[in-house]
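My questions all concern the structure below.
The values are calculated or read from the model by the stated rules, or taken from the named source; none is laboratory data. Everything numeric in this text was worked out from a predicted model, so none of it was measured. Quick reminder, even Gly has a Cβ in these numbers, built from the backbone with ideal geometry, and neighbours come from all protein chains shown. Calculation scope for accessible area: heavy atoms of the full protein, side chains included, ligands and nucleic acids excluded. Shrake-Rupley method; radii C 1.70, N 1.55, O 1.52, S 1.80 Å.
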Amino acid sequence: MIIKRLDATFGKLEGESLELHEGLNVISSPNESGKSTWCAFIRAVLYGVDSSERQKAGFLPDKMRYAPWSGEPMQGSMQIESNGRDITLVRTTKTASAPMREFSAVYTGTSVPVDGLTGANAGETLTGVSRDVFRRSAFVEQGKVAVTHSAELEKRISAIVSTGDEDCSYTEADERLRQWQRKRRFNRYGRLPELEDELSHKKQLLSELADASQQRKDMSAELEAAKRECEKLEAEVTESRKIVRKEALSSLQGVRSEVNAAAERHDKAAERRDSCRAALCACAIGERKPEEVKAEVKADLAEALSLNEKSERKASPALAIILMVLCAALVVAGFLLKDFMIHAFAAAAAALAVGIILFVRSSRRRAEAYEAAKARRKILSKYRAETEEDIASSLDEYLELYKNYAEAQRAEKETAEVLAAVRRRQEQAESRTLTQLDFTGGDNQAAQLSRQLAEARAKCSRISALMAEHSGRLAAMGDPLVLGSEISRMESEYAEISAEYDAIALAVDTLRKANEDIQSRFSPALGKLAAEYMQFVTGGKYDGVMLDRDFSAMVHENGKNVPRGAEYLSAGTLDLMYLAVRLAVCSLALPEDANCPLIIDDALVNFDAERRKQAMTLLEKIAQERQVILFTCS
């Protein structure tokens, strides 16, 4: 395949074109002029842009890195020659999320599509290798001269130096075998450790199941014995309780009879007390203390007698009337007897004065007698009496009634005390009865038997609960026959997987030995060609290159005994070593019929003038066999 023309709207390239030819193409331009962009464009037209790549720290995917600066859709075309036919490849963008997804391949100058060439297979069909192999061989990016390991590149080179089968990679086969091996056992992980744990668990479960079954049988027998003991105690408790209840109720009935009799006596005494009190309250004196009443009655009686005497002492006004009549007569006589008028008037005045005095005194005494009679009547009414003798009778009646009331009150108090005492005996009897009827905390035989019965029932409950728990455990453990069958099946599986594990281990060891044999042919074939290239460029200073399968390299300096690793080389020598390896990989890995172009982006920047000249001579020599496109700033 030969690239003839490139037209690109890609990154900083805005509708730019690049003409190429057979052999060695050297495109020299300053930095940031688009050299690396042209390289990326060639890869994008051949293999497309991977739209699944995502931006992350230190990495910008091509769909973002090479988005046109103008904002136009990413697109371009490539004119090539393949198998003697000119073909034009075109990639355009229909949706921004899938840049350069639209693809067409026609024969140049026509609209006739190239049969079998699609956007997915164009690169591999035209170059003969996949995108991965292309980037690690013919596509030398700036700053990435070193060849990195790839399973696809390993397959291709291994095929060249061994069987020709490109589907075989030791790394992939070894990794696949080790994955199978890890699935079976990896430290304490994998199917074998799982089976070991499951087998141990199942066997332990089967043993526990047998123990639990035996325990359940033992508990069943113990439960039957406990139930029989409960039945026996229930009969004894029933009979004992009947006896205790009968004795307790009989004792309590006697005390209750005493309480009823005492209550009846107290009620009668209370009725008599209330009757006597009512009679006492109904008497003239009422319910009062005898000491107070006697003194008051004595005082009232003496006052009544005194008032009676006062009321009976009445002063007569007759003398006053006589004196007044005499006064009148003297006045008349004075008028009649002129000579005795003065004496008559004087005597009349004296008689009148004495009469008036006697009349006033008589009036006062009558008023005092009236007031005394009134006060006496008040005292008599107090005792509902008519005479002083009735007051004495009221006192005698009061004393008799008070004596009866005091006796009735004393009798009521005595019967109340008797009733209280009998009731206390009743409370004590009831308390004793309750204690006797307490069949859980009492001390009688019925209580003792009740406690024994409760303990027996609790024992039955405990055994039943344990049996239920064991039944649940037995149900959870499963059927012993099923467990035995599972153990047999797992043991068979364990034996089978163990045999597989041993077979895989043997295969890993065999593959390792086969890989060592291929390695002995792989490294020399690639190293020999790389050494030839390096010896040519360095003028024979370095005459050997040693490669591992991961493409790590060491060089041998002519005349030295020990090869030197990459870390001991200068930047220019290191780039030269890897460029030689790249060229060797291209010679071995790229198919001759496709004749894939070699694209190099500033790979000679660290070379000195002499080595750059020799490298250019080498590239010219290689360009005789395949197109070489070198982008450089010098």
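Less than 17 Å apart at the alpha-carbon level, and either on another chain or at least 8 residues along: which lysines does that give for residue 403?
289, 294, 413
Also, quick follow-up: Dipole of segment 1-99, Cα-centred, from +1 at each Lys and Arg C-beta and -1 at each Asp and Glu C-beta, to the nearest 20 debye? Intermediate results must be reported in sequence, preceding the final value.
Numbers: 12 positive and 12 negative charges, 74 e Å.
Magnitude of the dipole: close to 360 debye.
Now for a different question. Size of segment 39-135 along its principal axes in angstrom, Cα-based, largest extent first?
On the principal axes, segment 39-135 reaches 45, 30, 20 Å in Cα extent.
Further question on the same structure: With an 8 Å Cα cut-off and a minimum separation of 6 or more residues, compute the relative contact order for segment 1-74 in percent. Walk me through the numbers on the way to the answer.
Numbers: 70 pairs, mean separation 27.3, N = 74.
In percent, rounded to a whole number, it is 37.
Right, next: Taking loop as defined by DSSP and a crowding limit of 10 other beta carbons within 10 Å, which GluC sites (Glu not before Pro) in segment 1-48 fit?
Numbers: sites: 14, 16, 19, 22, 32; in loops: 22, 32.
Those that pass, being in a loop and sparsely packed, are 32.
Based on DSSP H runs of at least 4 residues, each adding -39500 (n - 2.57), what is the mean residue ellipticity at 222 nm of the chain after dividing by all its residues, to the nearest 500 deg cm²/dmol?
Working: 15 runs with 405 residues, N = 634.
Using -39500 (n - 2.57) per qualifying helix, the result is -23000 deg cm²/dmol.
Going Cα to Cα from residue 63, which lysines come in below 28 Å? Please leave out same-chain ones fewer than 8 positions away.
The reachable lysines, counting only those whose Cα sits under 28 Å from residue 63, are 4, 12, 35, 94, 144.
Leaving out ligands, DNA and RNA but keeping every protein chain, what accessible area does residue 537 have, in Å² rounded to the nearest 10, with a 1.4 Å probe?
Surface accessible to solvent at residue 537 totals approximately 10 Å².
Next up: Once you sort the root eigenvalues of the Cα gyration tensor of the chain as a ≥ b ≥ c, which label holds: rounded (a/c under 1.5), prolate (a/b larger than b/c) or oblate (the other case)? Kindly include the intermediate steps, with their values, before the conclusion.
Details: a/c = 7.14, a/b = 2.78, b/c = 2.57.
The shape class here is prolate.
Which of 250, 40, 331 sits closest to the plus end of the dipole of the chain, meaning its Cα is farthest towards the positive end, when Lys and Arg get +1 and Asp and Glu get -1 on the C-beta?
331
Please list the helices of the chain that count as membrane-span-like by this rule: a mean Kyte-Doolittle hydropathy of at least 1.0 together with Cα atoms stretching 24 Å or more along the helix axis, each helix being a complete DSSP H run.
Values: long enough: 191-282 (117 Å, -0.88); 290-312 (32 Å, -0.69); 318-336 (26 Å, 2.97); 341-382 (61 Å, 0.37); 388-437 (72 Å, -0.96); 445-477 (47 Å, -0.12); 480-537 (80 Å, -0.02); 571-589 (26 Å, 1.46).
Those that pass (Cα extent of 24 Å or more, hydropathy at least 1.0) are 318-336, 571-589.
While we're here: Which whole-number percent is the relative contact order of the chain (Cα, under 8 Å, 6+ apart)? Let's see the in-between values first.
Working: 849 pairs, mean separation 143.5, N = 634.
The normalised contact order for the chain reaches 23 percent.
OK, next. Which value, in debye to the nearest 20, describes the size of the charge dipole of the chain about its Cα centre when Lys and Arg Cβ atoms bear +1, Asp and Glu Cβ atoms bear -1, and nothing else is charged?
Once rounded to the nearest 20, the dipole reads 3820 debye.
Check residue 4: other-chain or 5+ apart residues with amide H under 5 Å from its amide H, H built from backbone geometry?
79, 80, 81
For segment 1-74, report the % of Cα-Cα distances exceeding 15 Å. If you can, show how the numbers build up before the last one.
On the way: 1584 of 2701 pairs.
That tail contains 59 percent of the Cα-Cα pairs.
At 7 Å along Cα-to-Cβ for each site, give me the label-to-label distance between residue 246 and residue 281 in nm.
5.4 nm
Give the lysines reachable from residue 202 as a straight Cα distance under 23 Å; neighbours fewer than 8 places away on the same chain don't count.
By straight Cα distance, residue 202 reaches 183, 217.
Among 10, 299, 605, whose Cα projects farthest towards the positive end of the dipole of the chain, with charges put on the beta-carbon of Lys, Arg (+1) and Asp, Glu (-1)?
Positive-end residue among those listed: 299.
Provide the descending list of Cα extents for segment 196-326 along its principal axes, expressed in whole angstroms.
Ordered largest first, segment 196-326 gives principal extents of 166, 45, 20 Å.
Among 353, 75, 536, whose Cα projects farthest towards the positive end of the dipole of the chain, with charges put on the beta-carbon of Lys, Arg (+1) and Asp, Glu (-1)?
Going by the Cα projections, it comes out as 353.
For residue 10, what accessible area in Å² do you get when you roll a 1.4 Å probe over the heavy atoms of the protein chains, rounding to the nearest 10?
So the heavy atoms of residue 10 present about 0 Å² to solvent.
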